């Protein structure tokens, strides 16, 4: 079985962060979202992976992931170009997949439980496709699956007014090569896209059994700033964090802290975990880094209170105030202005930004 990771799309809901880079490389707990998907595929025994590239960030994705050897996988890059729908993206992988079954994984998703159970369930039967589902509180906002008592899919319905179940498709699928013939027959939807739900429905109508697996644990689509922050919190909460860097005498630390070996928490700084601090970052005196915060590489923080936030990296944050629930893009420069500060600030700061608070 092979893996196909989708890394196209414009990331419009994450602007301005994604004006200059792909959303799949936005870090969660100081690791690009796309790397979590690669690790999930490898854990399920899938080591031949095709990465579908869009028009934005192709070179950046290839520079970071390389040939896949550092992850123990073999990566092939496939150019989709303009995003014309998930089924179109799947169709672009036809030559790479050949006659094999494959997992298709949206590259901006993070799953607590990985994809092994979905793959094993598919391989245990004779299916045209398998879909990962999760129970949601607002099924009207999702593609919904109606399933029988054995988990076989009876019907797929896109954002139904009267949903038959609360089982939503979450963006992870397993397909047999039969899906490519179904894709060939598709017509664009009202959105002008080739919809993967239409391809699965076509397989169903042609007599193929469709498997389903209800995902346990959390799942996050990291398409919006608040989703990045929530995913960061969830990963930090679950992840084993190792402290390898320098904690000076007089620094106050508590909880689980991931501190890169070239990072430093100086005398007079306070860090409360769970927190992740990347390479070549310095937390200076007078700084408080609170729980559920990730600070990227090459940053300096001084005289700032920051918590439940993500700083992507290469930033200088020296404001005398509080930053909470915030996502700060690369090369952000945040310093104090000469005015009274409010109790807290909520920011989404794009790359190469300068702020005076």
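So the values come out like this:
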{"quantity": "In segment 183-201, the residues that are touching a strand residue (DSSP E or B) at 6+ places or on another chain (Cβ under 9 Å), farther than 25 Å from residue 37 by Cα and at pLDDT 85 or above", "calculated": "201"}
{"quantity": "Qualifying residue in segment 193-204 (condition: without any contact (Cβ under 8 Å) to a residue 12 or more places away in the chain, in a helix (DSSP H, G or I) and either in the same structural domain as residue 149 (by TED's automatic domain parsing) or crowded, with 21+ Cβ neighbours inside 10 Å (or both))", "calculated": "no"}
{"quantity": "Number of positions in segment 293-315 that are in contact with a strand residue (DSSP E or B) (Cβ under 7 Å, 6 or more places away or on another chain) and part of a loop (DSSP other than H, G, I, E, B)", "calculated": "7"}
{"quantity": "Hits in segment 138-177 (condition: in contact (Cβ under 8 Å) with a residue 12 or more places away in the chain, loosely packed, with under 15 Cβ neighbours inside 10 Å and within 19 Å of residue 220 (Cβ to Cβ))", "calculated": "141"}
{"quantity": "Strands (runs of 3 or more DSSP E) enclosed by segment 214-259 - at least 2 residues per element that are under 30 Å from residue 153 (Cα atoms)", "calculated": "219-221"}
{"quantity": "Within segment 19-29, considering residues that are under 12 Å from the mean Cα position of the chain (by Cα) and either assigned to a helix (DSSP H, G or I) or touching a residue at least 60 places away in the same chain (Cβ under 8 Å) (or both), the one surrounded by the most Cβ atoms within 10 Å (Cβ to Cβ)", "calculated": "24"}
{"quantity": "Condition met for residue 334 (crowded, with 22+ Cβ neighbours inside 10 Å, modelled with pLDDT of 90 or more and either touching a helix residue (DSSP H, G or I) at 6+ places or on another chain (Cβ under 9 Å) or not in a loop (DSSP other than H, G, I, E, B) (or both))", "calculated": "no"}
{"quantity": "Contacts under 6 angstrom Cβ, first residue in segment 305-331 being at positive phi and surrounded by fewer than 24 Cβ atoms within 10 Å (Cβ to Cβ), partner at pLDDT 90 or above and in a strand (DSSP E or B), 6 or more apart", "calculated": "308/324"}
{"quantity": "Residue 52 being on the phi < 0 side of the Ramachandran plot and assigned to a loop (DSSP other than H, G, I, E, B)", "calculated": "no"}
{"quantity": "Qualifying residue in segment 51-68 (condition: surrounded by 15 or more Cβ atoms within 10 Å (Cβ to Cβ), in contact (Cβ under 8 Å) with a residue 12 or more places away in the chain, touching a strand residue (DSSP E or B) at 6+ places or on another chain (Cβ under 6 Å) and closer than 25 Å to residue 204 by Cβ)", "calculated": "yes"}
{"quantity": "Residue within segment 175-182 that is modelled with pLDDT under 90, over 18 Å from the mean Cα position of the chain (by Cα) and either assigned to a strand (DSSP E or B) or under 22 Å from residue 145 (Cβ atoms) (or both) present", "calculated": "no"}
{"quantity": "All strands (runs of 3 or more DSSP E) inside segment 70-167 with 1 or more residues being modelled with pLDDT of 90 or more and touching a strand residue (DSSP E or B) at 6+ places or on another chain (Cβ under 6 Å)", "calculated": "74-79, 102-106, 129-135"}
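The values are calculated or read from the model by the stated rules, or taken from the named source; none is laboratory data. Remember, predicted model here, so these are calculated numbers, not experimental data. Here Cβ is always computed from backbone atoms with ideal geometry, including for glycine, and neighbour counts include all displayed protein chains.
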